[in-house]
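Enquirer: I'd like to ask some things about the structure below.
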Amino acid sequence: MFSRRSILASAVIVLGLAAVFALAFWAGKINLFAPAPPEVAPTSTEPPVMREIILYFSDPQAEFLVTESREIVECGSDRECVRAVVEELILGPREGLITVLPPQAKLLAVDIEGPIAVLDFSRDLITRHPGGSISELLTVHALANTVAVNFPHLRQVRILVAGEAVETLKGHVDVRAPIAADFRLTRPPSDGETDDHPDQGGSK
């Protein structure tokens, strides 16, 4: 016969094992309903695709337009690319040339209407512009030439200010109609230089 003490000890062992199994079961069950750890997006190590662009700025004598090349990150649509290019033009040249747009000017919106790029600027384009007939001429054609040389299917730019058409920037150049690219304003190549941008015609 088993003694009462051995029976009690066996009961304690059985209860203990039952408790262990119960804890293991519920722990597993809880883990089944635990939220999955968040997925970590893989980090891309590939460099961005770059696009070379050509910008037109004024020469130091403010007589001609001169080209400057640089690179921007490739963009997805004409509207995005035109915005990126014009914003680089607002940033100004990197060396030796003169800016053609007030650095305070903001490009508010870009729209594409067939062969025309519609550029809507903040009022700083007018209020911060230095004025003068040559300065205005270089500004509007730097915009038109820059857009046309980087986007050959966009032959003209329409300039808006705060969403509205204006007659002029400072009273000299009529900008009520779209402005066509005019590469005759580009500085002629000096001796030993070659014109790396073919003549694409004058205003039409």
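What follows is calculated from the coordinates using simple rules that are stated; it is not laboratory data. This structure is a prediction, so every number in the text was calculated from the model and none was measured. Every residue, glycine among them, receives a Cβ derived from its backbone with ideal geometry; neighbour counts consider all protein chains shown.
Enquirer: Per 0.36 nm of contour for each residue apart, how much would the distance between Arg176 and Asp59 grow if the chain were fully extended, relative to their Cα-Cα spacing?
Expert: Working it through step by step, the gained length comes to 39.5 nm.
Enquirer: Continuing with the same structure: Order of 138-146, 52-60 by packing, highest average Cβ count within 10 Å first?
Expert: Highest-to-lowest ranking by the protection proxy: 138-146, 52-60.
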